[in-house]
Amino acid sequence: MDVSDDAALTTALRRGTIEFCVLALLDKRELYGVELVRQLSAGLGMTTSEGTMYPLLSRLRRAGRIATTWREAPAGPPRRYYTLTPDGEAALAHFRTEWVSFRTGVDRILGTEQP
C-alpha cells in the first residue's frame, strides 16, 4: 500500500464519519466553525479545512440537525455559533448505536477485537 492508498483510505473513512463527529462535538457545547475545525484536527487527528467545514455545517443546518446564532466576538467580526437540535441529538444517538455494531463487526472480521 503506498501513500496515495493511505490518503484515499483516510479520506473515505473521514467522509463517512465527519458529520457525526461534528454532531458529537456540538453535543458537548456550542461552537463556531473555526473551533470545530481546530477540535477535529487537534483532538481527533481529522485534519479538515474551513472550506470543508462550512458546506458541511450548511447541510446540517438545512437538514435541521443544527441551529445557529450570531454573537459578537471578543475581537473581530461577529461569529456564528452552532448548536445541536433535537433532530441532531436523535441522529447522533442513532449513529452511536449503529457505530458500535458496525465497529464490532469490522473488528471481528479484522481480528482486532478488544478483550
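The values are calculated or read from the model by the stated rules, or taken from the named source; none is laboratory data. Predicted, not measured: the structure shown is a model, and the values here were computed from it. With ideal geometry, Cβ positions are generated from the backbone for all residues, glycine too; neighbour counts draw on all protein chains shown.
So TRP99 fits all but one of (1) part of a helix (DSSP H, G or I); (2) over 12 Å from the mean Cα position of the chain (by Cα); (3) modelled with pLDDT under 90; what number is the exception?
TRP99 satisfies all of (1) part of a helix (DSSP H, G or I); (2) over 12 Å from the mean Cα position of the chain (by Cα); (3) modelled with pLDDT under 90 except (3).
Picking from ARG65, ARG29, ARG15, which residue would you name as being modelled with pLDDT of 90 or more, among the charged types (D, E, K, R) and surrounded by fewer than 14 Cβ atoms within 10 Å (Cβ to Cβ)? Let's see the steps before the verdict.
Details: ARG65 fails: surrounded by fewer than 14 Cβ atoms within 10 Å (Cβ to Cβ); ARG15 fails: modelled with pLDDT of 90 or more.
Answer to the selection: ARG29.
Determine whether region 71-83 contains at least one residue that is hydrophobic (A, V, I, L, M, F, W, C), outside any loop (DSSP other than H, G, I, E, B) and either surrounded by 12 or more Cβ atoms within 10 Å (Cβ to Cβ) or without any contact (Cβ under 8 Å) to a residue 12 or more places away in the chain (or both). Walk me through how you get there before you give the answer.
Taking region 71-83 and keeping what is hydrophobic (A, V, I, L, M, F, W, C), we get 73, 75.
Narrowing further to those that are outside any loop (DSSP other than H, G, I, E, B): none.
The answer is no, given that none of the residues of region 71-83 is hydrophobic (A, V, I, L, M, F, W, C), outside any loop (DSSP other than H, G, I, E, B) and either surrounded by 12 or more Cβ atoms within 10 Å (Cβ to Cβ) or without any contact (Cβ under 8 Å) to a residue 12 or more places away in the chain (or both).
Which ones in region 32-62 are surrounded by 15 or more Cβ atoms within 10 Å (Cβ to Cβ) and part of a loop (DSSP other than H, G, I, E, B)?
MET46, THR48, listed by residue number.
Just to be sure before I move on: is THR68 over 13 Å from the mean Cα position of the chain (by Cα), among the β-branched types (Val, Ile, Thr) and under 25 Å from GLU113 (Cα atoms) in the structure I sent? If you could, list the steps in order and put the result at the bottom.
Details: over 13 Å from the mean Cα position of the chain (by Cα): yes; among the β-branched types (Val, Ile, Thr): yes; under 25 Å from GLU113 (Cα atoms): no.
Judged against the criteria, THR68 is not a match.
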